[in-house]
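Novice: Once you've had a glance at the structure underneath, I'll fire off some questions.
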Amino acid sequence: MDELNNHPTDGPGDDEAVYVISIASQLSGMHPQTLRQYDRMGLVSPGRATGRGRRYSLRDIASLRNIQRLVGEGINLAGIARIFELESAMANMALEVAKLRTEVDALLEQNPPKSLARRSKQSIVVYKEER
């Protein structure tokens, strides 16, 4: 336990770029040159240390493993880049939908529509078969 903050110290967070390329290579099971290639292609963008050395986070290493899995399934690197792009766009849209739902709920609460019948909240009845 971290005595100052009263929470466990489990190590670096998922986004904290702390692993040098040799360690990231071992953790991902890939050659360091492959990691450099993926960085140049923009598939994984590790942080940089002051000396410009790459520093990988746990999230980066998870992405590298995901790339390795997709390559193993026969998807080329251009396809993987497109998959990552679409996944990111989908995640951004999901966040936007969640924000809009919150706004709509707040507006409906403040100004209930007069033409629509309000749904009453129904309790859920759980059926339990007795033996």
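Read-outs: derived from the displayed coordinates by stated rules, not from any lab. Everything numeric here is computed off the predicted structure, so don't read it as measured data. Heads up, the Cβs are rebuilt from the backbone with ideal geometry, glycines too, and the neighbour counts pull from every protein chain shown.
Novice: Can you tell me the order of 22-31, 49-58 when each peptide is scored by its average per-residue count of other Cβ atoms within 10 angstrom, highest first?
Specialist: Working: 22-31: 15.9, 49-58: 14.0.
Ranking, from highest mean packing down: 22-31, 49-58.
Novice: Rg (Å, one decimal) plus Dmax (Å, integer) for the alpha carbons of the stretch 8-71?
Specialist: Expressed in Å, the Cα Rg and Dmax of the stretch 8-71 come to 11.3, 37.
Novice: So, counting K/R as plus one and D/E as minus one, what does the shell of residues with Cβ under 11 Å around residue 17 add up to?
Specialist: Numbers: positive: 48, 54, 55, 59; negative: 14, 15, 16, 60.
Spelling it out: positives minus negatives among the neighbours equals 0.
Novice: Also, quick follow-up: Give me the extension gain from residue 41 to residue 69: residue separation times 0.36 nm, minus the current Cα-Cα distance, reported in nm with one decimal. The partial results should precede the final answer.
Specialist: Details: separation 28, 0.36 × 28 = 10.08 nm, distance 1.75 nm.
Stretched out fully, the residue 41 to residue 69 stretch lengthens by 8.3 nm.
Novice: Oh, and also: Given R₀ = 35 Å, what would the calculated FRET efficiency be for residue 20 paired with residue 105, taking r from the Cβ atoms and rounding to 0.05?
Specialist: Numbers: r = 47 Å, r/R0 = 1.34.
My answer for the efficiency is 0.15.
Novice: Once you charge only the Cβ atoms, +1 for Lys and Arg and -1 for Asp and Glu, what is the size of the charge dipole of the stretch 21-110 about its Cα centre, to the nearest 20 debye?
Specialist: Working: 12 positive and 9 negative charges, 144 e Å.
The dipole of the stretch 21-110 has a size of about 700 debye.
Novice: Quick check on packing: order 92-99, 33-40 by the mean number of other C-beta atoms within 10 Å, highest mean leading.
Specialist: Numbers: 92-99: 10.0, 33-40: 15.5.
Final packing ranking: 33-40, 92-99.
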